[in-house]
Amino acid sequence: MSGQDAATATATAAVNATVTAMTVPGAAEAAEPQVPRGIGASVEAADTRAKTEGTFPYAADLWAEGLLWAAVLRSPHAHARILSIDTKAAAEMPGVRAVVTHADVPGATTHGRRIADRPVFAHDVVRHHGEPIAAVAADHPDTARLAAAAIAVEYELLDPVTDPEQSFGAPALHPDGNLIRHIPLRYGDPEATGEVVVEGLYRIGRQDPAPIGAEAGLAVPRPDGGVELYTASTDPHTDRDLAAACFGLEPDRVRVVVTGVPGATADREDAAFQLPLGLLALRTGCPVKLAATREESFLGHTHRHPTLLRYRHHADAEGRLIKVEAQILMDAGAYADASAESLAAAVAFACGPYVVPHAFVEGWVVRTNNPPSGHVRGEGAMQVCAAYEGQMDKLAAALGIDGAELRMRNVLATGDLLPTGQTVTCPAPVAELLRSVRDVELPALPKDAPEDEWLLPGGPEGAGEPGAVRRGVGYGVGMVHMLGAEGTDEVSTATVKVIGGAATVICAAVDTGQGFGTLARQIVQEVLGVDEVAVAPVDTDQPPAGPSAHGRHTWVSGGAVERAAKMVRTQLLQPMAHKLGMSTELLQIQDGRITSYDGAFSMSVAEAMAGKELWATAQCRPHPTEPLDADGQGDAFVGLAFCAIRAVVDVDIELGSVRVVELAVAQDVGRILNPRQLEARIEAGVTQGVGAALTENLRTVAGLVRHPDLTGYALPTALDSPTVRIVKLVEERDVVAPFGAKAASAVPVVTTPAAIASAVRAATGRPVNRLPIRPSAAVAAPNS
Amino acid sequence: MTLPASLDEAVAALTAMPAAVPVAGGTDLMAAVNAGLLRPAALVGLGRINEIRGWQYQDGHALLGAGLTHARMGRPDFAALIPALAAAARAAGPPQIRNAGTLGGNIASAAPTGDALPVLAALEAVLVIVGPGGQREIPVSHLLAGREMLRPGELIGFVRVPLLHAPQVFLKATGRTGPGRAVASVGLVLDPARRGVRCAIGAVAPMPLRPLEAEQWVASLIDWDGGRILAPEALEAFGEYVAAACVPDQGEPVAPGVLHLRRTVAVLARRALGRALTS
């Protein structure tokens, strides 16, 4: 008990710099220690204990009687023609029960969450390293793996296209052509010029979502000829539909059951695992399980788009932006996936949260033979943030103005226009965010502490030397959109039922770790005054709730849960209100009691609910959006979220090693729904941003992935993660969002790399135009 | 899997099953097995052999058991004996790896980035190999360079390292603040009795490289009987000398990556010598 209270107190204290009224409702008068409940309280996730104790079941832990093990044969080449596939040797191995290839796909042979352009199994051409070619089911995982290796594939090697700039002129890599999308955004006067012009070229690397749990799944055939897929899907209904299409089944014959999700900052699960799994289960009539190795995981799932950006900023002598010209080239890999949406975000936010009267942005996303790109949180927005903030630093240097001050002169506010012509109608407290991080005091230099306690770049007992360390301070301001953009039908359905005083939420919104399950419980606690709220496991027999991306579930699924809970509330209160001769609005539920406005009537919620079974289902569908037109104009986004970060870094300028000392974060959150969870989301996002800034880049040579393991792909460790100081959480409620809250996870990811790059620039005087920042880019002469 | 309790039993087990692979901490080997890259016919576990888990003194040398874990070598009592090896052991990875990984394993797997290797090369360590024909000794550099190999049935039993009673430094450059693979590393030891500086650069080549000319040159500049002080310019020149010797040009124009690596090696060598001379 005291441990939990202490944790709550710490979390609260950290956020309390700005938030005052965050006490638990009714905590003051409650005699016994109160468990946090309702909106605004640090309600703990229901699965915390199981997850910390290691008893929480993930897909890799699932078991079924008589299960077979699957293995997938993947292409060792980035680009090759398949001349022949011989599965005979594999099929004849003892213990092998089935081998499937392209020829065994009964339904649609291509799939894709957005555009069906990806073959289930490559058959004529392989387009990226790791593309699936065949799959095997056997009675032992080793047998399956050996059998997959025994499949003889004859390839004719083709030249891989690995430079997106070469993709335009290269032979078509795919029947759909190499250009996936081109957006020419035109806004304002092309002839406008500024007194000061700065140019820059920026390159952003390939970040892998690197979920802590690799892909896994279990497929179980059903007696009716269908199949059930147990997997950590983040978009179960879409996955069901594409699986059913590939299996040649009606959608209701395929059921996706969502298991525990072991980390998801991108789309899960890789269909290249789940489709072979389902095919093998249908083929053998046995349950089939697959648990990917880390290497397969790196090769299979989609990554953040590597991006090349060329910018020209015009400003007047006071540093006010006049015009931004930009060219953005994103590398989609071989298949479209979410690339069109990522490009829209990149183009629309190419100027950042700044007022720009004239903007001309050309964006392209093209196919290559590099590893596939797709949705990773903050996609598009993160790449451009690093570039436009680099430009703001350049402009500040050219004008001799402080970087924060220059940004302050240009910040966006509610009522301003985005370069897409869309008016910013939601709260946009960018100036307040920037001011908050600028004005908070800098972390102390360690000079008063004993020298052996300093944590220098290079780590404890590392090569760092105090004399070569320079400290830099930099700023990043970023923005993301919330919910699907450009006319996506955003809708979620939720059911709330109350039986005998205990409530259950049934909603197909997957809790990927973002905390939707906790939020759903809080909403029901708040609306109905019940303590005991459970969230049902997700499967596709429930109505769809859409993907877990772009902060959707906080908004649409949270909104649906709230509406359903309010409908239950009306059902509960109606008889009493009728008896008292008043409307239900005059009755309120607080602290577990129903009271009338005049206090004359009071009854405990438990008493009122006794013997009743109440159900309600509701939908939430926010206002519609429209696609960007031929000039990149349109009201494409439902909502926007902003963040400002001040980074303080120490750089060993001789070795180029960087340690992020502190990141001061101010974020536009709309409303704090769960302080502890919010803080955790911001810290997680910032840490992913630190990885993108300094170490995370899935390297390829001629399209082949190098070091697809966690030694070669360096995620931030505890020592790499800086102090995250949340200095301000601006609570300006977004009136169109349920509870006025904004999703919090993505925007710190977007902003952190830009802030760190800015700080490294300040420390070294180097341009720092590439992410992740390589040590060679952070080396500087001692007197610069 | 057999678990011998002595070196003799281990040698007997390996001789009986020539296809068997010895495994100590398993931090490299078992990762390869789990990834499906290796499928040893049998394993001979060395974890129960107590005689190689500690060390003993032998006329001015320490005879280190090959089964010493990085965690054990990182402790202060060991650091007082062979400071650079202790520093390398502490830098060798996260605690889970250091608790399992062993000195002998680091040598046997001979990864270019093995952190103990440049230190052993600088110390001119000698490996005591036990095998069916008894014991033999080979310099560590011979094994790492492939000049001499382990024969069937042979094991690294001990590592003989001189006790120099003088400052030693291990430094490495990595991509992150937390434990990481070395981009370049340096082991540097002073040997006042022989008036020598010995230095080896790790991770830049398949085996640690000894810049012998740079060592001799800088040793000749040091006032061994006095304060062992060098001018900053001399330290700088030593770093450049080492880097030029260990990181060749690899064609014209010299690639930016090569230049950065050379600069990194120069800085590490300069700092290592500076720290050794001032500590």
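What follows is calculated from the coordinates using simple rules that are stated; it is not laboratory data. Because the structure is a prediction, the values reported are computed rather than measured. Note that each Cβ is placed from the backbone with ideal geometry, even for glycine, and that neighbours are counted across all protein chains shown.
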Among B:LEU277, B:ALA91, B:GLY178 - extreme Cα towards positive end, dipole of chain B, charges at beta-carbon: B:GLY178
Span-rule helices in chain A, defined as complete DSSP H runs reaching 24 Å or more along the axis (Cα) with Kyte mean at least 1.0: A:746-764
Contact order relative to length of chain B, as percent, for alpha carbon pairs under 8 angstrom and 6 or more apart: 15 percent
DSSP loop trypsin sites (Lys or Arg not before Pro) with at most 12 other Cβ within 10 Å excluded, longest remaining stretch of chain B: B:1-146
Residue-averaged 222 nm ellipticity for the protein assembly as shown, from DSSP H runs of 4+ at -39500 (n - 2.57), nearest 500: -8500 deg cm²/dmol
Angle in degrees between helix B:7-16 and the longest Cα principal axis of chain B, rounded to the nearest 10: 60 degrees
Between helix B:256-278 and chain B: long-axis angle, C-alpha atoms, 0 to 90°, nearest 10: 90 degrees
Choice from B:GLY226, B:GLY180, B:GLY26 showing the highest fluctuation, given a GNM over chain B with Cα pairs closer than 10 Å: B:GLY226
Top positive-direction residue, dipole computed over chain A with Cβ charges, set A:GLN571, A:ALA757, A:SER373: A:GLN571
Restricting the stretch A:480-543 to GluC sites (Glu not before Pro) in coil, as DSSP defines it, with at most 15 other Cβ within 10 Å: A:GLU532
Chymotrypsin sites (Phe, Trp or Tyr not before Pro) restricted to DSSP loop in the stretch A:95-197 with at most 15 other C-beta within 10 Å: A:PHE168
Footprinting exposure proxy for B:SER141, B:SER279 (fewest neighbouring C-beta atoms within 10 Å first): B:SER279, B:SER141
Dipole magnitude of the stretch B:169-278, debye to nearest 20 (Cβ charges: Lys/Arg +1, Asp/Glu -1, about Cα centre): 540 debye
J(HN,Hα) series, the stretch B:37-49, from Karplus relation 6.51 cos²θ - 1.76 cosθ + 1.60, nearest Hz, glycine and proline x: 7, 10, 9, x, 5, 7, 10, 10, x, 9, x, 9, 8
Two-site label geometry, A:ASP224 and A:VAL736: point separation in nm, points 7 Å out along Cα→Cβ: 3.9 nm
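Which is the longest stretch in chain A that no exposed loop site breaks, taking sites as trypsin sites (Lys or Arg not before Pro) with a DSSP loop state and at most 13 other Cβ atoms within 10 Å?
After excluding every exposed loop site, the longest remaining stretch is A:1-698.
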Relative contact order, percent, the stretch A:492-620 [alpha-carbon distance under 8 Å, six or more residues apart]: 37 percent
Student exercise, the protein assembly as shown dipole from Lys, Arg, Asp, Glu Cβ charges, in Debye to nearest 20: 1240 debye
Listed residues B:LEU63, B:GLY146, B:ALA100: farthest to the positive end of the dipole of the stretch B:49-162 (Cβ charges): B:ALA100
Burial ordering of B:PHE158, A:PHE516, fewest other beta-carbon atoms within 10 Å first: A:PHE516, B:PHE158
For A:SER297, A:SER583, order by how many other beta-carbon atoms lie within 10 Å, fewest first: A:SER583, A:SER297
Sequence-separation-based contact order of the stretch B:1-145, relative, with Cα cut under 8 Å and 6+ spacing, percent: 20 percent
Check: the stretch A:543-700 dipole with +1 on Lys, Arg Cβ and -1 on Asp, Glu Cβ, in debye: 760 debye
Potential lengthening between A:ALA600 and A:HIS707 on full extension [0.36 nm per residue; Cα-Cα distance subtracted]: 31.4 nm
Efficiency of FRET between A:ALA630 and A:ARG320 - r from beta-carbon atoms, R0 22 angstrom, step 0.05: 0.15
Cα-based helix-to-principal-axis angle, B:212-221 vs chain B, degrees rounded to 10: 50 degrees
Partner chain coverage, peptide A:450-461 - average Cβ within 10 angstrom: 3
